[in-house]
Amino acid sequence: QVQLVESGGRLVQAGGSLRLSCAASGRTFSNYAMGWFRQVPGKEREFVGGITWSGTWLYYADSVKGRFTISSDNAENTVYLQMNSLKPEDTAVYYCATVPRASTYREMYDYWGQGTRVTVSS
């Protein structure tokens, strides 16, 4: 079965950096895209960015463009979210998810990880 496991979330000061990882298993991921989302209590899960394993699609939400970078290690089936210049408003639970075709729409994603918490202190 498909499993996505995020890691790397922790408390960090504003202006700092953090790298999240998403280890994927259970599917031939080369045929899929991966997305990063985040959610704070009381709000909808927000698309952060996405990537295809082939590298043909790489997309960022405006709120993180220029600060966050998504990359993949195809040999390890792992996707990364490098977050720089972190702000308190980046505080959220971050999720990775997989989708059959590149999309920014949460509803299109079929498998999700359990999430990893990022807290940015001011």
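Within the chain, which is the longest segment containing none of the GluC sites (Glu not before Pro) that sit in a DSSP loop and have at most 14 other Cβ atoms within 10 Å?
Numbers: sites that count: Glu44, Glu76.
The longest such stretch corresponds to 77-122.
With all protein chains present and a 1.4 Å probe, how do Thr116, Thr91, Thr28 order by accessible area, largest first? Walk me through the numbers before you get to the answer.
Numbers: Thr116 15, Thr91 45, Thr28 90 Å².
Largest to smallest exposure gives the sequence Thr28, Thr91, Thr116.
Output ³J(HN,Hα) for segment 66-71: one whole-Hz value per residue in order, computed from phi by the Karplus curve 6.51 cos²θ - 1.76 cosθ + 1.60 with θ = phi - 60°, and x for Gly and Pro.
x, 10, 10, 9, 9, 9
Within the chain, what is the longest stretch that has no trypsin sites (Lys or Arg not before Pro) placed in a DSSP loop and near at most 14 other beta-carbon atoms within 10 Å? Provide the component values of the computation, followed by the final result.
Working: sites that count: Arg10, Lys43, Lys65, Arg101.
Longest stretch, sites excluded: 66-100.
Long-range amide H contacts for Tyr111: which residues qualify at under 5 Å (H placed 1.01 Å from N, peptide plane, sequence gap of 5 or more or a different chain)?
Result for Tyr111 returns Thr98.
Please list the non-local residues whose amide H lies under 5 Å from the amide H of Ala61, H modeled 1.01 Å from N, same-chain partners needing a gap of 5 or more.
Hits under the 5 Å cutoff: Gly49.
Between Val64, Val99, Val48, where does the largest GNM mean-square fluctuation fall for the chain, given springs only between Cα atoms within less than 10 Å?
Sorting by GNM fluctuation, first place goes to Val64.
List, in order, the whole-Hz ³J(HN,Hα) value for each residue of segment 41-54 obtained from phi through the Karplus relation with A = 6.51, B = -1.76, C = 1.60 and θ = phi - 60°; use x for Gly and Pro.
x, x, 10, 6, 5, 9, 6, 9, x, x, 8, 9, 5, 6
Largest first, how would Ser30, Ser121 line up by accessible area (1.4 Å probe)? Don't jump to the answer; show the numbers that get you there.
Numbers: Ser30 80, Ser121 40 Å².
Solvent-accessible surface, decreasing: Ser30, Ser121.
Using a Gaussian network for the chain with springs between C-alpha atoms less than 10 Å apart, which of these wobbles most: Gly55, Gly42, Gly15?
Looking only at Gly55, Gly42, Gly15, the largest GNM fluctuation is found for Gly42.
The values are calculated or read from the model by the stated rules, or taken from the named source; none is laboratory data. Predicted, not measured: the structure shown is a model, and the values here were computed from it. FYI the Cβ positions are ideal-geometry reconstructions off the backbone, even for glycines, and counts take in every protein chain you see. Side chains are part of the model used for accessible areas, which takes the heavy atoms of the whole protein and leaves out ligands, DNA and RNA. Shrake-Rupley method; radii C 1.70, N 1.55, O 1.52, S 1.80 Å.
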